[in-house]
Amino acid sequence: MKQIRHIFAAFAATMVLACSCNQVLEEQPRTFYEPGFFQTEAGVEGGLTALYASLRYLYGQAYYYNSLTTGTDEATWGQSADGNFKSSDLSGLDALDATSNRSDVLWNTVFTYINTANGIIKNATEVGLSDALIAEAEFFRAFYYFQLVQTFGGVPLDLGSGELEFNSTPSRTSVRNTVPQVYKAIFADLNDAVAKLPDTQRVTGAVTKNVARLVLAKASLTFGWWLENPKNIDTYPSCDRKDLDGHDASFYFNQALTICQTAIANPGPYGLCDTYREVNLAQNDRNKEIMLYADHTEKSEQYNGGSLTYGGGGAPDNFAGWMINWNHGTLNIDGVGLVTREACQEVGRPWTRMAPTHEAIKVFTSGDITKDSRFDGTFTTMYYGTWNKSGNPAESVTGADGSKIPLNGRVLSFIPEVLDDIVYPGNQAGGANVGAGKVPGRADYVFDLNGISRIAYPALWKLGCYRTNYDKANAAGDPNAGSTRPFSVLKFSDFYLTAAEAAFKLSKNDDARNYINVLRKRAGNWTYKNNERVAYVADFGDELVAATPATITLDYILDERMREYYGEGFRWFDLVRTQTWQERAGQYTISGANWGDHTPEVFTRTIENFRYLCPIPKGQLDGMEMSEAEKAAYQNPGYATK
């Protein structure tokens with residue numbers, strides 16, 4: 001296989017630098033791993049470091065992020081979208097095929113690291129590697145195979161030298177294993193990892209028993225759904241939907257629930273943060289709730305893996321946070337640009353490639369967002385004047401109602417309720433140059449959430465960039481570089497929602513409700529209002545718990561998953577696992593792509609069943625020395641090979 005024939009490098013990276021633990025992984029740039037490299041202690045340890053660094057080539061990579069977010073019930077294409085985003089939307093603008101589907105990022109990246117794991121595992125005994133370090137390699141091999149099997153169906157376990165063997169010889173042919181065969185390998189590795197990994201991290205950010213448990217629980221839940229197959233969706237390569245060990249779907253749902261219960265009862269160094277805001281607050285990154293992350297640093301370009309001053313939009317930069325971020329820099333009153341692009345979480349670098357759908361916003365506003373903190377802890381809905389950071393000395397500007405807005409005053413707001421007295425400008429711009437409306441008695445310009453569009457919408461706060469040098473007086477803090485924040489991959493909170501879904505599948509309604517309510521109670525705890533920028537101590541947790549429906553449905557679980565993880569780049573997996581993609585995302589609502597567009601339109605997506613598997617990338621097929629018929633058989637049904 002052209003894409004998996006080499007043993008690639010561990011690129012320069014860092015594990016973590018902002019933690020009290022002084023043990024961090026030391027990394028050395030390397031462009032190639034020769035086979036003998038893994039036969040030394042330094043080689044296998046270097047390979048392990050490469051596995052952690054590999055996370056940056058997926059997580060925070062915005063085109064892969066797009067493939068898992070655009071086209072779901074979370075997001076659609078935004079005003080500045082190119083074909084990468086419009087094709088993913090499946091709403092008829094661009095074709096989504098083997099050349100345009102950005103799941104190619106996954107395929108073209110992870111086989112390299114699977115092979116690195118194979119090399120470590122194969123040579124570990126010879127170099128005296130401990131069982132715990134071998135288990136780290138087993139974890140990564142299983143983790144990446146889990147991402148692949150969810151995305152493409154069955155994938156090759158043999159990279160050229162035998163199943164799960166280290167390959168150092170270029171191979172231009174490939175055979176795909178079936179889904180049950182791949183899961184059998186995943187479960188074997190993860191069970192071994194759970195048995196041999198320590199409870200606590202050997203270095204900051206390293207995997208542990210509970211990290212492996214969470215992936216094992218999610219894989220068990222997903223395989224249970226695959227075995228059950230409620231919508232009769234085809235798999236590929238074709239095979240019976242049977243477990244090779246003879247277990248049924250309920251066995252795997254029970255496995256998922258039991259694993260989650262064990263982890264929750266034995267959290268080790270992990271746990272829930274006290275408030276939802278704390279989980280995603282930049283100054284609180286690498287907290288106890290975030291169990292696995294693709295790390296970055298603002299202290300060194302070498303160890304960051306990308307420029308600290310300008311990002312071009314490619315891996316290993318973390319630039320996913322630019323995507324659901326509209327062009328707030330257009331805000332202007334009387335020639336004064338109101339909001340400066342800054343390396344702060346609320347503003348950041350706008351690309352306007354993606355936009356939240358009205359339906360996604362309604363998942364939040366269907367509850368009481370004055371009590372549930374997750375809307376405030378997910379979106380930026382209020383913008384403040386920072387024109388001094390662009391060199392403008394004005395002390396104030398004229399607001400929407402004619403009064404003065406001082407420096408650092410609020411200049412624009414997205415208002416949750418539909419306002420009867422809002423007046424939008426009659427032209428395409430106006431309204432602080434972005435088509436925003438006026439409300440009597442308000443100095444700030446406003447949008448109501450029924451008027452959000454592909455060009456103006458609440459931006460995604462939780463992935464916003466941050467630099468400590470932003471704290472310097474009047475500093476913008478290099479907002480055009482990729483974010484140096486870690487990108488979260490696994491969170492402790494997912495034990496609760498995975499347990500809830502498994503309990504639901506086992507008809508254990510009370511258990512499902514109880515697990516959901518742990519997170520809903522936390523969501524009711526406030527210490528700060530993000531968007532109003534004020535301390536606010538209140539606890540509505542008991543009220544949110546009381547408002548949880550008596551009977552938990554799958555839709556409600558998916559709503560809760562969105563409220564917890566909106567915009568984090570995993571939604572497609574949720575919808576594909578539960579086979580609810582068409583029901584949840586087949587239609588969506590949003591206003592147009594011009595300033596001043598406030599009339600919602602309904603759009604239809606064509607989500608055919610074959611879309612539940614992504615295409616094998618065309619570049620992979622082109623590189624294989626196989627007949628056209630063999631390539632056609634290798635490709636997933638519904639997608640062309642040319």
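The values are calculated or read from the model by the stated rules, or taken from the named source; none is laboratory data. Just so it is clear, the structure is predicted and the values come from calculations on it, not from any experiment. In this analysis, Cβ positions are derived from the backbone assuming ideal geometry, glycine residues included, and neighbour counts consider all displayed protein chains. Heads up: the accessible areas ignore ligands, DNA and RNA and are worked out on the full protein's heavy atoms, side chains in. Shrake-Rupley method; radii C 1.70, N 1.55, O 1.52, S 1.80 Å.
Residue by residue, here is whether (1) among the β-branched types (Val, Ile, Thr); (2) out of contact with any Gly (no Cβ under 7 Å at 6 or more places or on another chain); (3) closer than 25 Å to PHE487 by Cα; (4) open to solvent by 60 Å² or more (accessible area, probe 1.4 Å) holds:
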position: LYS242; (1), (2), (3), (4): no, yes, no, yes
position: ASP248; (1), (2), (3), (4): no, yes, no, yes
position: THR258; (1), (2), (3), (4): yes, yes, no, yes
position: GLY268; (1), (2), (3), (4): no, yes, yes, no
position: ASN280; (1), (2), (3), (4): no, no, yes, no
position: ASN287; (1), (2), (3), (4): no, yes, yes, no
position: ALA294; (1), (2), (3), (4): no, no, yes, no
Members of the stretch 469-494 that are outside any helix (DSSP H, G or I), among the charged types (D, E, K, R) and either open to solvent by less than 40 Å² (accessible area, probe 1.4 Å) or touching a Gly at 6+ places or on another chain (Cβ under 9 Å) (or both): ARG485, LYS491
Residue match in the stretch 611-619 (condition: in a helix (DSSP H, G or I) and hydroxyl-bearing (Ser, Thr, Tyr)): yes
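Quick grid of which residues meet (1) basic (Lys, Arg); (2) open to solvent by 40 Å² or more (accessible area, probe 1.4 Å); (3) farther than 28 Å from PHE223 by Cβ; (4) part of a helix (DSSP H, G or I):
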{"residue": "TYR556", "(1), (2), (3), (4)": "no, no, no, yes"}
{"residue": "GLY569", "(1), (2), (3), (4)": "no, no, no, no"}
{"residue": "TRP572", "(1), (2), (3), (4)": "no, no, no, yes"}
{"residue": "LEU575", "(1), (2), (3), (4)": "no, no, no, yes"}
{"residue": "HIS598", "(1), (2), (3), (4)": "no, no, yes, no"}
{"residue": "PHE603", "(1), (2), (3), (4)": "no, yes, yes, no"}
{"residue": "LEU621", "(1), (2), (3), (4)": "no, no, no, yes"}
In the stretch 444-464, the residues that are open to solvent by less than 20 Å² (accessible area, probe 1.4 Å), out of contact with any Pro (no Cβ under 6 Å at 6 or more places or on another chain) and assigned to a loop (DSSP other than H, G, I, E, B): ASP444, GLY451, ILE452, ARG454, ILE455, ALA456, PRO458, TRP461, LYS462, GLY464
Some residue of the stretch 608-631 being within 24 Å of GLU74 (Cβ to Cβ) and of a type in the set (D, E, K, R): yes
Candidates GLY321, GLY329 - the one that is surrounded by fewer than 24 Cβ atoms within 10 Å (Cβ to Cβ) and either out of contact with any Phe, Trp or Tyr (no Cβ under 7 Å at 6 or more places or on another chain) or free of Cβ contacts under 8 Å to residues at least 24 places away in the same chain (or both): GLY329
Index of the failed condition, PRO156 passing every other in (1) assigned to a helix (DSSP H, G or I); (2) at pLDDT 95 or above; (3) farther than 30 Å from TRP595 by Cβ; (4) open to solvent by less than 10 Å² (accessible area, probe 1.4 Å): (1)
Options LEU68, LEU93; residue that is under 24 Å from PRO350 (Cα atoms), at pLDDT below 95 and not acidic (Asp, Glu): LEU93
Total residues in the stretch 577-596, condition assigned to a helix (DSSP H, G or I) and in contact (Cβ under 8 Å) with a residue 60 or more places away in the chain: 4
SER91 being small (Gly, Ala, Ser) and open to solvent by 20 Å² or more (accessible area, probe 1.4 Å): yes
Which listed residue, of TYR466, TYR457, TYR445, is closer than 23 Å to THR76 by Cβ, among the hydroxyl-bearing types (Ser, Thr, Tyr) and either modelled with pLDDT of 90 or more or touching a Leu at 6+ places or on another chain (Cβ under 6 Å) (or both): TYR457
Residue that is nearest to ARG277 (Cα to Cα) [pool: residues in the stretch 495-527 that are open to solvent by 10 Å² or more (accessible area, probe 1.4 Å) and acidic (Asp, Glu)]: ASP511
Selected residue (only one of LYS371, LYS362 is at pLDDT 95 or above, farther than 30 Å from LYS86 by Cβ and charged (D, E, K, R)): LYS371
Strands (runs of 3 or more DSSP E) completely within the stretch 391-437 that count 2 or more residues being surrounded by 13 or more Cβ atoms within 10 Å (Cβ to Cβ) and in contact (Cβ under 8 Å) with a residue 60 or more places away in the chain: 396-398, 410-415
Checking VAL105 against (1) open to solvent by 10 Å² or more (accessible area, probe 1.4 Å); (2) under 21 Å from PRO170 (Cβ atoms), the condition it does not meet: (2)
Criterion violated by ALA188 - all others in (1) in a loop (DSSP other than H, G, I, E, B); (2) at pLDDT 95 or above; (3) small (Gly, Ala, Ser); (4) open to solvent by 20 Å² or more (accessible area, probe 1.4 Å) satisfied: (1)
Residue in the stretch 137-144 that is within 30 Å of GLU601 (Cα to Cα) and surrounded by 23 or more Cβ atoms within 10 Å (Cβ to Cβ) present: no
